[in-house]
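Everything below concerns the one structure shown next.
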Number of protein chains: 2
Amino acid sequence: MSNMLSKKTKYAFHALTYLGKQEERTPVLISQVASKTKVPRKFLESILLDLKKAGILNSKMGKGGGYYLLRDAKDVLLADVIRMFNGPIALLPCVSLNYYEPCEECVDEETCGLNAMMIEVRDEMLKILENKTLADIINAEE
Amino acid sequence: MSNMLSKKTKYAFHALTYLGKQEERTPVLISQVASKTKVPRKFLESILLDLKKAGILNSKMGKGGGYYLLRDAKDVLLADVIRMFNGPIALLPCVSLNYYEPCEECVDEETCGLNAMMIEVRDEMLKILENKTLADIINAEE
DNA sequence: TAATAATCTATAAATTCGATAGAATAACTA
DNA sequence: TAGTTATTCTATCGAATTTATAGATTATTA
């Protein structure tokens, strides 16, 4: 019973924070990120790969390889990371902007009070999560 | 992959809304609530029972029995229902007020930027969810 | 006491989450 | 160009949680 962020999402934030704190943008070994952030190595691999596919990280293979941050930390929104690993930010599929799905039991969305209320909640949540960035996390660290 | 409300939570809101809209506070059959809200009958049973135990509903057994709203609709906070059926409102256990748990990987909560950030997010979410009530849902319906 | 309706117990099906193993591919260096 | 290093890909597994159903039991009323 839980509405919270998955471990994967939390791990993603830890990894991003670690990479974002590097002075130079030189590749960092997966194994180094894993040991420093205490994220299980193999699990971390798939997380970093997803972040690469999303254009947030880049990687270099072979000797001297590893992962590094591609964007500026202030351009990585909390909402981006949450959507990627955790799914919708909205509390119900029927009010999700990016993952919309109608409710099976719903006769008419227009007159559903729950729908109306959850739209309000969603908009408030977006106000926060689309205005906070990885840079804010890193700043709070120092 | 989802941060959303469970079906149980959504069903609870539907059932509460239906009961809250009754003119008189006379008992309504489980089967009537089930058919009107399209919530699976047996699943609904356990939801209504939980709401009774929480003091939000009351029930009457035998002929003419059923469930009815005990509190005033404006005194049923969205946050109450979500906490009961969905768990914490905070996005991480380490920033939850009602379900606090430390993170395994965390060396020091004081210096964790993610922790700091999620406290901000939590407080904003509580501002909304503790100020909206069942009455707001019902009003939005008309 | 018969009918009605909530309550309790148990369990089954489906989905999601967290984690791991091993093979394949790419890049550097000597 | 051979060998080493490190990312990338595929595939799967177990555990936990969520959703749903079935049947027996208890309380109430007429």
- Have a look at B:Gly62, B:Gly87, B:Gly20 and tell me which one the Gaussian network model of chain B (Cα, springs below 10 Å) gives the largest fluctuation. B:Gly62
- chain A, relative contact order in percent, only Cα pairs under 8 angstrom and at least six apart counted: 25
- A/B buried area, accessible surface, summed, 1.4 Å probe, Å²: 4100
- Please work out the C-alpha center-to-center distance from the range A:96-139 to the range B:40-104 and express it in whole Å. 22
- Message: Once the convex hull of the alpha carbons of the range A:7-141 is built, what does its volume come to per residue, in cubic angstrom?
- Response: 117
- In the range B:75-93, the residues losing 20 Å² or more of accessible area (1.4 Å probe, heavy atoms of protein chains only) relative to their chain alone are B:Leu78, B:Asn86, B:Pro88, B:Leu91, B:Leu92, B:Pro93
- With a 1.4 angstrom probe the carbon and sulfur portion of accessible area for the protein assembly as shown, in percent, totals 50
- Computed [θ] at 222 nm, helices only, for the protein assembly as shown once each DSSP H run of length n ≥ 4 contributes -39500 (n - 2.57): -14500 deg cm²/dmol
- Note on the structure: To the nearest Å², the heavy-atom accessible area per residue of chain A with 1.4 Å probe amounts to 50
- Message: Measuring nothing but label to label, 7 Å from Cα along Cα→Cβ, what are A:Asp50's distances to the other copies in nm, shortest first?
- Response: 2.6
- Would you tell me the mean number of C-beta atoms belonging to other protein chains that fall within 10 Å of each C-beta in B:4-14, as a whole number? 5
- How many Cβ atoms of partner chains, on average, are near each residue of A:116-129 if near means within 10 Å of its Cβ? 4
- Task: Name the aspartates and glutamates eligible as straight-distance cross-link partners of B:Lys52: C-alpha to C-alpha under 17 Å, and not fewer than 8 places from it in the same chain.
- Result: B:Asp72, B:Asp75, B:Asp80
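The values are calculated or read from the model by the stated rules, or taken from the named source; none is laboratory data. As the structure is a computational prediction, the values presented were derived from the model and not from experiment. Every residue, glycine among them, receives a Cβ derived from its backbone with ideal geometry; neighbour counts consider all protein chains shown. Accessible surface areas use protein heavy atoms only, side chains included; no ligands, DNA or RNA. Shrake-Rupley method; radii C 1.70, N 1.55, O 1.52, S 1.80 Å.
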